[in-house]
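What follows is a set of notes on a single structure, which appears directly below.
The values are calculated or read from the model by the stated rules, or taken from the named source; none is laboratory data. It should be emphasised that the depicted structure is a prediction, and the values quoted were computed from it without experimental measurement. In this analysis, Cβ positions are derived from the backbone assuming ideal geometry, glycine residues included, and neighbour counts consider all displayed protein chains.
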């Protein structure tokens, strides 16, 4: 009997499997070939690596990038940069200096390779899936373990198949593919899944276009997304002078996808249900239960590129996808083109050629953030940079800045069109911002007209920008790893603002605590740990922790951090109660590390997103989900809760009873933990677990 045809996801995961049985839903451990960190998460990651007493990384390639904290108001950011450069030299890590570019763009250019596994301390690491990698975001502690040679553990995924048919029409962009998919799958209910693309539509999509799709696939909440490695992949690697890294990879003929089941509300999710019926195969819809929830099952998603039109996603969520007819004509005051999502050479050449000989509308500020030094150099060498500047564009750093609220914030009560991947509320640094996520094609159309405009109506031929036969390659801002002898002589530089992060503690068998926060659905890591100007404190947990959940702090009242610290002083735990899809967004482990420092020991939610759940466990915070969603409504902030028998529940329990001492009631919670996560919590967090099992 022959093996069943395998998906590409299964092929790569099986090739790297080191622990567990490959069966959907099982916990498996895989070997990690490459890692990446960026400066906002990297400092903590390397401090934790040092705490493990690992002298040198054991991966095929590990790269430390500086691309987030570039503003450098005060010494904090430069202190981090010097630490990262010196610790990289000491540990055998490549170092991408400030100015070399955004980690995901540079990694695609200089390190990505088909069939490899990549683990990054940034949620948009799945960008590498555009060239046939299993590339995943994770917390910095997980990345540190991988750098030390440890396996990365994940749920063996369900594979969501996405068939691309036809070819994109002029002015329709790869960004529109992922926006269309977000309208079908949404940001919720996809934990434990991976997306795999296939179909005849792949033939016309170069690697940078695919990377746009997999990058923003992070917003789906899936573990990662992957494209096959084919002639388009080979052409990109050849143009980067790295054709020897190419390996042809595709799913087996006859590989099947699905069935996938999503639980949706017949009224509030009516549009999503309609989109699934329009775009998916073998759709069945079950009977609604008493709460109006139905099980919607489908085979795979089909996107007809020939029929696809430009789309936009409005604040406050990337799945708030709108047809252009709904927003056309809205006045636009600011346009930002760039970030790790849409900053490739081809993206910016389309913008430059559209702007050539024209002028940005007088009411619009246009910012351009090239993805890498390579891209910026090529734009400079071929005259495209002059076209951008001549049209009135502001050229920003090759860095993440505006995407994470570090500069170029929009004015109050104005619309900003951005090619970035997230538009969570106030992420830009402006409270109440109105951000639409769009393609570079739509963005440049608005820059010229001053309003949301369908680029197909500009009366301009869409520039045809082929993949270059050869990119301008200059790695002079990329420090190669030192050999062991030279590395041993390196002195690691530690500024005063770099503070050793705390380790976790074992949970008590009976936990008594107070609900320090009762919050709603779709609480993102931006809500938990604000980015923007506060990012500079990431290397100093006690200082950064003062900002936990500051979006919910009321003027004149104790802050969330102050309330938690007061409870901690009284010997009580802080407990967070949340709705659906808690912890979506960034991989920032500080969204678990800082709450742990404040004394948060338990999170109870309707559902918790993958990376955040892993980070909670890594820092000894117990993640629980309500057995009945109705129990969420019966809890209030400041309620006193007690959970007995935690040791047994963590060790092997499926449920645990929570007593609400304030209300005199009790409710059940599900203990949804993989076996290794149970061991980590028993040890008091991943750092302690790793030391114990070294």
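A few points about this structure:
- Residue match in region 319-334 (condition: closer than 27 Å to residue 203 by Cβ, modelled with pLDDT of 95 or more and out of contact with any strand residue (DSSP E or B) (no Cβ under 7 Å at 6 or more places or on another chain)): no
- For region 161-168, the criterion of being modelled with pLDDT under 95 and touching a strand residue (DSSP E or B) at 6+ places or on another chain (Cβ under 8 Å) is met by no residue.
- Selection from region 629-659 of residues that are touching a strand residue (DSSP E or B) at 6+ places or on another chain (Cβ under 6 Å), within 16 Å of residue 605 (Cβ to Cβ) and not in a loop (DSSP other than H, G, I, E, B): 631, 632, 641, 643, 655, 656, 658
- The single residue among 62, 45 that is in the same structural domain as residue 252 (by TED's automatic domain parsing), at pLDDT below 95 and in contact with a strand residue (DSSP E or B) (Cβ under 7 Å, 6 or more places away or on another chain) turns out to be 45.
- Of all the criteria given as (1) surrounded by fewer than 24 Cβ atoms within 10 Å (Cβ to Cβ); (2) out of contact with any helix residue (DSSP H, G or I) (no Cβ under 6 Å at 6 or more places or on another chain), the one not satisfied by residue 22 is (2).
- Condition met for residue 363 (within 19 Å of residue 400 (Cα to Cα) and part of a loop (DSSP other than H, G, I, E, B)): no
- Checked against the criterion of being under 25 Å from residue 430 (Cα atoms) and in contact (Cβ under 8 Å) with a residue 24 or more places away in the chain, region 565-572 contains not a single residue that satisfies it.
- Note on region 96-192: enclosed strands (runs of 3 or more DSSP E) holding 2 or more residues that are over 27 Å from residue 243 (Cα atoms) are 152-155, 158-165.
- Selection status of residue 309, surrounded by fewer than 19 Cβ atoms within 10 Å (Cβ to Cβ) and modelled with pLDDT of 95 or more: yes
- In region 440-464, the residue that is surrounded by the most Cβ atoms within 10 Å (Cβ to Cβ) out of those that are touching a strand residue (DSSP E or B) at 6+ places or on another chain (Cβ under 8 Å) and part of a loop (DSSP other than H, G, I, E, B) is 452.
- Residue 497 vs. criteria surrounded by 15 or more Cβ atoms within 10 Å (Cβ to Cβ), in contact with a helix residue (DSSP H, G or I) (Cβ under 6 Å, 6 or more places away or on another chain) and modelled with pLDDT under 95: yes
- Residue in region 541-548 that is buried (at least 24 other Cβ atoms within 10 Å of the Cβ), part of a loop (DSSP other than H, G, I, E, B) and at pLDDT 95 or above present: yes
- Helices (runs of 4 or more DSSP H) fully within region 258-355 counting 2 or more residues that are within 29 Å of residue 459 (Cα to Cα) and outside the structural domain of residue 180 (by TED's automatic domain parsing): 324-327, 345-355
- Taking residues in region 371-397 that are over 15 Å from residue 347 (Cα atoms), and partners anywhere that are in a helix (DSSP H, G or I), the pairs with Cβ atoms closer than 6 Å and at least 6 places apart or on different chains are 391/355.
- When restricted to residues that are within 23 Å of the chain's Cα centre (by Cα) and either within 19 Å of residue 400 (Cα to Cα) or part of a helix (DSSP H, G or I) (or both), region 197-220 contains 14.
- Residue among 233, 271, 250, 281 that is over 22 Å from the mean Cα position of the chain (by Cα), loosely packed, with under 14 Cβ neighbours inside 10 Å and either closer than 23 Å to residue 176 by Cβ or in contact (Cβ under 8 Å) with a residue 60 or more places away in the chain (or both): 271
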